[in-house]
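Visitor: Have a look at this one.
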Amino acid sequence: MKKLLVHLDTSSAPSVFDRVVAYDAGADEVLSYGGVTADSVRDLVHGAMFTRGPKDLHNTAIFIGGADMTAGERLLAAVQKTMFGPLRVSVMLDSNGSNTTAVAAVAKLAQTIGNVKGKRAVVVAGTGPVGTRAAGLLARDGALVTITSRHSDEAKHVCDAIKARFGGDVDATVVPDPSRVADTLGNAELLLNAGPAGVQLVPRDAWMNRHSLRVVADLNAVPPLGIEGVDVTDAGTDRGNAKAFGALGVGNFKMKVHKRCIAKLFERNDLVLDAESISDIARELVQSVPQASSVPPPG
Ligand SMILES: NC(=O)c1ccc[n+]([C@@H]2O[C@H](COP(=O)([O-])OP(=O)(O)OC[C@H]3O[C@@H](n4cnc5c(N)ncnc54)[C@H](OP(=O)(O)O)[C@@H]3O)[C@@H](O)[C@H]2O)c1
């Protein structure tokens, strides 16, 4: 029986990236729908639920993508509400690559530092889909997280949403331009840039050789890169006092996580893959390969 991935995208044009990865991860067909909203999704979900018997339903799965994380979360809730009893298919949320990218980035940070609990972490431009998920996962694991934003209203709104969704210790600070980011780093041990493609947000002087920093990661792959002095291919590279990860250094693992998640969707019919469960899958992947030892704290 064919493995069918029903791709529900909240953006008008379904993501090419998500379609390609789905095929590479083992889907036989990807049925993509664009402009899907929580109000319009019920009949699409019925089409997935009612076509195959319960014992075959693990061959159908739903993937939710699109540029808007909040719309994706609403869609996930609507999809789950529509399914009942054994008539369900597995579903994964990854709006804008937010969950898989954030999970991969946090895994690299945590793997390098050992344990993030009680450590200060700054997520620069942490109000986008990737930054909010990364901040939430770090907070859930006990890090003391600060997200930055250019706007105080947005910073507060997103910070409240992260705390409501993940719990933990998160605050927000306004950084109107890159010349002010150093003030925010303080004694942070972890630094993640989650700003948009092609915008440098952390100048070299703000972070390089800062005594407290042990690991930095930049998710922007498009020059100028987000953290000056971190190369796009860095993968645990020594930069100043810290280990550095560039967008490709994180992205390679993100692709592994994304593909593994798609494959898992077809193993059973009741999986719900969101940030936490995707994080568990990443942990399994990390444990399946030998890792380099973590960086000791500054002495
Ligand atoms: N490596 C990978 O595998 C991978 C996969 C997916 C995404 N990514 C990358 O991950 C990063 C984050 O993605 P995203 O979709 O979450 O980002 P995003 O929503 O485009 O941007 C994140 C935040 O950056 C701030 N921002 C926007 N334009 C700005 C500008 N011109 N100057 C300063 N700040 C600006 C905004 O926050 P405020 O308005 O609150 O300041 C925005 O909420 C991107 O660089 C993306 O390319 C990497």
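Visitor: Can you find even one residue in segment 61-71 that is assigned to a helix (DSSP H, G or I), within 18 Å of the chain's Cα centre (by Cα) and aliphatic (A, V, I, L, M)?
Guide: Yes, the conditions are met somewhere in segment 61-71.
Visitor: Which residues, taken from segment 145-165, are within 11 Å of the ligand (Cβ to nearest atom) and among the charged types (D, E, K, R)?
Guide: Passing the criteria: ARG150, ASP153, GLU154, LYS156.
Visitor: Only one residue in GLY131, GLY118, GLY126 is assigned to a loop (DSSP other than H, G, I, E, B), within 12 Å of the ligand (Cβ to nearest atom), outside the structural domain of ASP68 (by TED's automatic domain parsing) and not polar (S, T, N, Q). Which one?
Guide: The conditions single out GLY126.
Visitor: Tell me, which residue of segment 167-189 that is within 14 Å of the ligand (Cβ to nearest atom) and in a loop (DSSP other than H, G, I, E, B) is nearest to GLY226 (Cα to Cα)?
Guide: ASP177
Visitor: If we keep just the residues of segment 230-261 that are more than 15 Å from the ligand (Cβ to nearest atom) and either hydroxyl-bearing (Ser, Thr, Tyr) or surrounded by 19 or more Cβ atoms within 10 Å (Cβ to Cβ) (or both), which is farthest from the chain's Cα centre (by Cα)?
Guide: This residue is ARG239.
Visitor: Something else: Restrict the check to segment 135-148 and report whether at least one residue is in contact with a Pro (Cβ under 9 Å, 6 or more places away or on another chain) and either within 30 Å of ASP183 (Cα to Cα) or part of a helix (DSSP H, G or I) (or both).
Guide: Scanning segment 135-148 turns up no residue that is in contact with a Pro (Cβ under 9 Å, 6 or more places away or on another chain) and either within 30 Å of ASP183 (Cα to Cα) or part of a helix (DSSP H, G or I) (or both).
The values are calculated or read from the model by the stated rules, or taken from the named source; none is laboratory data. The model shown is predicted, which means the values in this text are computed figures rather than measured ones. Cβ: placed from backbone, ideal geometry, glycine included. Neighbour counts: every protein chain shown.
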